[in-house]
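Only one structure is covered here, and it is reproduced in the block below.
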């Protein structure tokens, strides 16, 4: 999918969440690179598919979202999705974290998943 379409979609999500974007970067990396970040900054020695760092200073949403393409590929197989579908889900998941969502409990995770599903359907309909 074209970068402009994805950027428009992500901006639509931020607007729907009544936010504003001042800067958003996605960094695609390996499992080992993301594990190193997880250990260094989050003090967790686990593989993960996404880590989001909020860099906002009060003037809109600003952050960096790190995504392991190896996790995306494995999870796509595990959840019977395409790599593109799984990537889009994780992109939204990271953005939702920057917008204040958390997935520390089952109910919070369910709420995030509901929002992910909503915004994924928007991508397929609108773009």
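Numbers for the structure displayed
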item: MRE, 222 nm, helices only [DSSP H, n ≥ 4, -39500 (n - 2.57), over the chain, to nearest 500]; result: -18500 deg cm²/dmol
item: Gained length - residue 43 relative to residue 18, 0.36 nm times residue gap less alpha-carbon distance; result: 5.8 nm
item: Highest-first arrangement of 113-119, 90-96, where packing means the average Cβ count within 10 Å; result: 90-96, 113-119
item: Segment residue 4-residue 107, length gained on full extension (0.36 nm per residue, minus Cα span); result: 33.8 nm
item: Stretch gain in nm, segment residue 74-residue 36, where the contour uses 0.36 nm per residue and the Cα spacing is subtracted; result: 11.8 nm
item: For the chain, share of DSSP beta bridges that run antiparallel, in % to the nearest 5; result: 40
item: Paired Rg and Dmax values of the chain, which use every Cα atom, in angstrom; result: 14.1, 39
item: Kirkwood estimate for the stretch 57-119, i.e. one over the average of 1/r between Cα atoms, Å; result: 12.6
item: Debye equation applied to the C-alpha atoms of the stretch 1-54, log10 I(q)/I(0) at 0.28, 0.29, 0.30 Å⁻¹; result: -1.03, -1.07, -1.12
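Where a number appears in this text, it was derived from the coordinates with a stated rule and is not lab data. Since we're looking at a predicted model, the values are computed, not measured. Using ideal geometry, Cβ is built from the backbone for each residue, glycine included, and neighbour counts are taken over all protein chains shown.
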